[in-house]
């Protein structure tokens, strides 16, 4: 906008646009971090992965969607009011809904998880047998290599000397 074209109605429009954008961003944040990682490092990385695109979104929003096309105090105030209003009005109900959705998903996927556990137990015995066979073969090969390292006719106590790299001392 040019300097003289900006009106109070445009400022009010920008205020409400930023209020709505902040409320939507707060909702997305709550959904994204409803079960945040327990590790501090992973939690920091997850927040960085969220706030980098969120900051880009806010910048592009201010630069493109608002009438002012630059950050103004009423845009920041609208964003603060939007985030606070979301937290005060909707945060608890969304958290309760998320708990219900998680319970429903657990109930829906419980048979699939039980089937996976049962099939894992069924497959465990053959896999253990395969592992034990390969371990035995590995041990036989190691014994064979040890026997080959013994110099002929001198007994088991003398073995080939390991290669020593030339070093200047």
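With a simple spin-label model that places each label point 7 Å from the Cα along the Cα-to-Cβ direction, the separation between residue 107 and residue 88 comes to 3.5 nm. Once the chain from residue 80 to residue 136 is taken as fully extended at 0.36 nm per residue, the excess over their C-alpha distance is 13.5 nm. Treating r as the C-beta distance of residue 69 and residue 40 and R0 as 35 Å, the FRET efficiency rounds to 0.35.
The value of relative contact order for the stretch 1-77, using C-alpha pairs under 8 Å at least six residues apart, is 55 percent.
Computed over the stretch 3-89, the P(r) tail beyond 16 angstrom holds 57 percent of alpha carbon pairs. Note on the chain: GNM, Cα springs under 10 Å; of 96, 106, 38, the largest mean-square fluctuation is that of 38. In this label model, residue 124 and residue 27 are separated by 4.5 nm, measuring between points 7 Å along each Cα→Cβ vector. Against the main long axis of the alpha-carbon atoms of the chain, helix 73-89 sits at an angle near 70°. Across the chain, C-alpha contacts under 8 Å between residues 6 or more apart give a mean separation that, scaled by the residue count, equals a relative contact order of 28 percent. Using only Cα atoms, tell me the angle between helix 40-64 and the longest principal axis of the chain; keep it within 0 to 90° and round to the nearest 10. Orientation of helix 40-64: about 30 degrees from the principal axis. In this simple spin-label model, placing a label point 7 Å from the Cα along the Cα-to-Cβ direction at both residue 60 and residue 12 gives a separation of 3.0 nm.
Each value in this text was obtained by applying a stated rule to the coordinates, not by laboratory testing. Everything numeric in this text was worked out from a predicted model, so none of it was measured. Please note: Cβ atoms are built from the backbone with ideal geometry, for glycine as well, and neighbour counts cover all protein chains shown.
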